[in-house]
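Written below as structure tokens is the structure these notes are about.
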Amino acid sequence: MIIPNLIRIGGQESIDVGTVLSPFEMNMYQKISNEGRKREFLYGRYAIKKNLSDNFPSLDEAYNRITVEYGVLRFPIIKDHIIEVGLSHSKTYALSILYSKDNLVGIDMETMRPDIPIEDMLNESEKVLIGESSSKIEMAYMFFSCKEALGKALKMGLLADYTIYEIQTIQSEKYGEKEVYNFQFKRFPFLTGYCFMKEETEICSIVVPKKAEVKDIIEKLIAS
């Protein structure tokens with residue numbers, strides 16, 4: 001089971017803080033001083049809980065009775081549930097994912113920033129993979145985003161030696177009119193990454209086990 005939910009931040013007519021956040025989350029929310037970060041926090045919790053509500057109606061719980069906490073390495077968790085959750089924000093989107101505990105899944109949303117030399121984070125082999133791409137910055141961001149998703153799948157983010165996230169191969173495939181890139185990792189051959197441009201500056205990535213059926217998942221993300 002792998003169920004994504006991608007929502008546009010600000011795309012809902014109104015999100016009532018008291019309806020969405022549990023008392024524990026409300027305490028965290030009120031301690032955030034940055035308004036943009038508070039907005040991301042609220043929309044992130046909303047995305048996870050809406051995903052749960054849409055796909056597990058048997059839970060039958062009000063949003064503010066569900067608490068999304070943080071694990072040891074600051075990854076979102078829902079205690080006492082058999083469902084794993086993932087969350088990522090960009091400037092425009094909040095992406096949540098639900099998956100069974102027998103799966104290994106990571107997601108990432110990135111907003112491209114041309115002022116950051118992200119291509120400097122690639123090693124020489126990865127620069128060769130990008131080659132003569134017409135948009136090296138775009139491709140470099142895809143590499144970075146896919147590595148972020150890998151780190152989340154491994155429940156450690158990018159805290160380990162950055163060389164372990166190395167991308168070994170990349171292939172392009174079409175999903176309708178959308179070009180989706182398939183990434184293979186040098187040190188994690190049992191996982192596969194998928195990455196595409198959601199919008200002109202918005203990148204979406206997901207990492208799943210190699211044998212996972214992803215067609216419906218990717219098509220849902222593209223259409224969201």
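Here is a yes/no grid of residues against (1) among the small types (Gly, Ala, Ser); (2) without any contact (Cβ under 8 Å) to a residue 40 or more places away in the chain:
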site: ASP16; (1), (2): no, yes
site: SER22; (1), (2): yes, no
site: LEU52; (1), (2): no, no
site: PRO57; (1), (2): no, yes
site: GLY71; (1), (2): yes, no
site: GLU84; (1), (2): no, yes
site: SER90; (1), (2): yes, no
site: TYR93; (1), (2): no, no
If GLU110 satisfies all but one of (1) within 23 Å of PHE190 (Cα to Cα); (2) part of a strand (DSSP E or B); (3) modelled with pLDDT of 90 or more, what's the number of the condition it fails? (1)
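Let's see how each residue does on (1) hydrophobic (A, V, I, L, M, F, W, C); (2) in a loop (DSSP other than H, G, I, E, B):
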residue	(1), (2)
ARG74	no, yes
SER88	no, no
TYR99	no, no
LEU104	yes, yes
VAL128	yes, no
ILE137	yes, no
MET142	yes, no
CYS146	yes, no
LYS152	no, no
Where ILE15 falls short, out of the listed (1) under 18 Å from ILE77 (Cβ atoms); (2) in contact with a helix residue (DSSP H, G or I) (Cβ under 7 Å, 6 or more places away or on another chain); (3) surrounded by fewer than 20 Cβ atoms within 10 Å (Cβ to Cβ): (1)
Residues of segment 177-224 satisfying the condition of being free of Cβ contacts under 8 Å to residues at least 40 places away in the same chain and of a type in the set (S, T, N, Q): ASN182, GLN184, THR192
Does GLU166 fit the bill of being more than 24 Å from ILE48 (Cα to Cα), acidic (Asp, Glu) and surrounded by 12 or more Cβ atoms within 10 Å (Cβ to Cβ)? yes
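The values are calculated or read from the model by the stated rules, or taken from the named source; none is laboratory data. Just so we're clear, the structure is a prediction, and the values are computed from it rather than from any experiment. Backbone-built Cβ (ideal geometry, glycine too); neighbour counts: all protein chains shown.
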